[in-house]
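> My questions all concern the structure below.
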Amino acid sequence: IDSSDADGFGNLEVSPPLPGWPEGRVLYGIGPDGPPDPDILRLLDASNRQGPLGIDTSWLCVGHIDELLSFVPDPGGPRGFVALVPDPLAALRALSRSGSPAAPLDPGLVAFNEGLARVEMVALRRALIDRLGLLPAELRPLPVLFEPSASFDAGPCGAGTVYPNPLNLLAVLDAGGHGVVLVPDPFARADGDPPERDALIPGIVAAMPAALELRFVDT
């Protein structure tokens, strides 16, 4: 296989069980490099059990599905889980209220995130509801701020996150049903400030199901 960024580990998710898909559905991003390698897609298709589904991530520098979607358990939810998705407008509101030196709210960045909210976030939610079959009540927005023309070694590419993306999390459920979620600490605060001064953490905590224990990890 000629590897591309589309074949990276972050570009593969599995949903919780859904109607018609008792083992969940495989999800992958169709990023700037296109979809994953055809051999990978044929391997996923061969099981005939999880209906692999591509989601447009072409506007992202890292076109991985885990930049835009994570599932966590929610005992109080309609089907026992929620799907976490980015909310750039929530990030803008939180940073503007905080007055933190960590808030880079120049007009260009504000306009860029407002544009993403109008176009890309609407398209993502539509795909998750219409194509994947999620319920609107199962979508939980997290404050995530993006910036244009993030850069890799090969030069400028698509949008990237300004702070560590809290959607790149790890949810662990033990045999007793206790859930722990390891969340990248966004560090949307001035150097030396404690986590309780962080502009984005309250919004992350508020969006998570109350039954989960959150641990913010320095990435």
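The values are calculated or read from the model by the stated rules, or taken from the named source; none is laboratory data. Because the structure is a prediction, the values reported are computed rather than measured. Reconstructed Cβ throughout: ideal geometry from the backbone, glycine too, with neighbour counts over all protein chains shown. Surface accessibility is based on the protein's heavy atoms, side chains included, excluding ligands, DNA and RNA. Shrake-Rupley method; radii C 1.70, N 1.55, O 1.52, S 1.80 Å.
> Quick check: Cα centre of the stretch 73-132 to Cα centre of the stretch 158-219, how many Å?
Result: 15 Å between the Cα centres.
> Report, by chain and number, residues whose modeled amide H sits under 5 Å from the one on residue 24, excluding near sequence neighbours (fewer than 5 apart, same chain).
Result for residue 24 returns 18.
> With a point put 7 Å past each Cα toward its Cβ, work out how far residue 56 is from residue 190 in nm, to one decimal.
Here the modelled spin labels are 4.2 nm apart.
> Right, next: Could you work out the helix-only [θ] at 222 nm for the chain, with each DSSP H run of four or more residues adding -39,500 (n - 2.57) and the total divided by the number of residues, to the nearest 500 deg cm²/dmol?
The helix-only estimate for the chain comes to -6000 deg cm²/dmol at 222 nm.
> Another question, then. Test of understanding: in a Gaussian network model of the chain with alpha carbons linked when under 10 Å, which of 29, 160, 63 would top the mean-square fluctuation ranking?
Among 29, 160, 63, the largest GNM mean-square fluctuation belongs to 160.
> Once you have the Cα-Cα distance between residue 130 and residue 93, take 0.36 nm times their residue separation minus that, and quote the gain in nm to one decimal.
Gain in length upon complete extension: 10.5 nm.
> Using a 1.4 angstrom probe, figure out how much accessible area the stretch 4-77 has per residue, in square angstrom, rounded to the nearest whole.
For the stretch 4-77, the per-residue accessible area is 45 Å².
> Given a 1.4 angstrom probe, I'd like the percentage of the accessible area of the stretch 5-149 that is carbon and sulfur, rounded to a whole number.
57
> Okay, moving on. Quick one: the Cα spread of the chain along its three principal axes, in angstroms, biggest first?
Result for the chain: principal-axis Cα extents of 52, 46, 29 Å.
> Between residue 215 and residue 18, what FRET efficiency comes out of the Förster formula 1/(1 + (r/R0)^6) with R0 = 22 Å and r the beta carbon distance, rounded to 0.05?
After rounding to 0.05, the efficiency reads 0.20.
> Under 5 Å between amide H atoms, partner at least 5 residues away or on a different chain: which partners does residue 190 have, H built in plane at 1.01 Å?
For residue 190, the qualifying residues are 102.
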